[in-house]
Amino acid sequence: MNYLALDIGGTALKIAIVNENGKILISDKYPVNFDNYKTPIIDTVLKETDKFLADNKIESFKGVAVSATGQIDVNKGEVIGTGGNIKNYEGSKFKEKIEEKYKVKATVINDANAAALGELFLGNGKNSKNIVMITIGTGVGGGIVVNGEILNGRLGIGGELGHFSINNKGKKCTCGNTGCYEQYASMSALIKRVKEELDINDINGKEIFEQINHNEKMKEIVDRWIEDVACGVVSLVHIFNPDIVLIGGAVSEQKELFIDKLRKLVKERAMKNFAKDLKVEPAKLKNDAGIIGALYYLLKGENKDELQYGEI
Ligand SMILES: [Zn+2]
């Protein structure tokens, strides 16, 4: 029997039917912020899931695997905090509501942690037991795999890589701390720097990378940004001694202009034994990572120690 998987983001909800090898059999996407979150996301999730199941004539599934944005208490399967600004989201009891409704086991895990598990299961972390995964976007998300297990911490909110500080006299962060990694290493941070230093009103990440080759000043700003990204990665490498550092987010598609440069800097700056055989690569699963990682987390909970590693 197959599984139902939900990937709940700040803008969209993805619903899928997956088999136990992580193959997505059917999937669909629904908006969640159509009325600026006046309708709580949890209501949208329950309503659209019913509709998805009816439309696809699905009557049974073995469990529900949920990946959700925000701080997730994995034991209760509930949202206990929001990094961003999502109204009517904190306090959403996904596990309880889903189990009550569908009478099967449900697990809930933070989306960045799910992404790391997805890479471990079927992505570029497949042959690694120790992974540091960093997703670079508007903010910086992260997930850490230690000996094949996600590092959840006490509540499930561990691995919050956007908010370890790389400068105690640095920029003020939205979380209240100063010098948080995401204030330097996020795509928003790069865009802000480019706008300020080159006096540009409107530019996005893709455009920045398109201009590097014929704009020396742009190249210099991006290189400084990559140094900041590397600074955090080197510290994480020293703490976790991973086999592989995986970079997610659209920017990870920039091989020569970003990943190769980042790898070189990290290898140069990390201590010799940490750098030896260390891999720094882009993540593989892109938009499916949350679904696949959530499934892996649910399956692990069923004590399936010997999971089959399939191809997707
Ligand atoms: Zn912060």
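Laboratory data are not the source of any read-out in this text; all were calculated from the coordinates shown. The shown structure was predicted, so the numbers you read here are calculated from the model rather than taken from an experiment. Heads up, the Cβs are rebuilt from the backbone with ideal geometry, glycines too, and the neighbour counts pull from every protein chain shown.
Data overview
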item	result
Inter-label distance, nm, simple model (7 Å from Cα along the C-beta direction), Lys255/Cys173	3.3 nm
Set of lysines with alpha-carbon distance to Lys97 below 22 Å, sequence-local pairs under 8 removed	Lys14, Lys29, Lys38, Lys47, Lys51, Lys57, Lys62, Lys76, Lys87, Lys105, Lys300
Globularity index of the range 72-179, i.e. its alpha-carbon radius of gyration over 2.2 N^0.38 Å	1.18
Size of electric dipole in the range 166-282: Cβ of Lys, Arg +1 and of Asp, Glu -1, about Cα centre, debye, nearest 20	460 debye
Under 15 Å between alpha carbons - lysine pairs in the range 145-239 that sit 8 or more apart or on different chains	9
Cross-link partners of Lys272 among lysines (Cα-Cα below 28 Å; sequence separation of 8 or more within a chain)	Lys126, Lys129, Lys255, Lys261, Lys264, Lys284
Charge dipole (the range 141-242, unit charges on Cβ, about Cα centre) - positive-most of Ser186, Ile221, Ile144	Ile144
Simple Cβ-charge dipole of the range 2-110, Lys/Arg +1 and Asp/Glu -1, about Cα centre, in debye nearest 20	100 debye
In the range 226-281, the trypsin sites (Lys or Arg not before Pro) that fall in loop regions by DSSP, at most 14 other Cβ within 10 Å	Lys276
Dipole axis of the chain (+1 Lys, Arg; -1 Asp, Glu on Cβ), positive-most option in Asn130, Thr107, Ala68	Asn130
Estimated 222 nm signal from helices in the chain, with DSSP H stretches of n ≥ 4 weighted -39500 (n - 2.57), rounded to 500	-11000 deg cm²/dmol
Net dipole in debye of the chain [+1 Lys, Arg Cβ; -1 Asp, Glu Cβ; about Cα centre; nearest 20]	420 debye
Degrees between helix 289-301 axis and first principal axis of the chain (Cα, 0 to 90, nearest 10)	60 degrees
Hits among aspartates and glutamates - C-alpha to C-alpha of Lys95 under 12 Å, sequence gap 8 or more where chains match	Asp73, Glu78
Burial ranking of peptide ranges 234-241, 176-183 (average Cβ count within 10 Å, highest at the top)	176-183, 234-241
Principal-axis tilt of helix 111-122 within the chain, Cα atoms, nearest 10 degrees	80 degrees
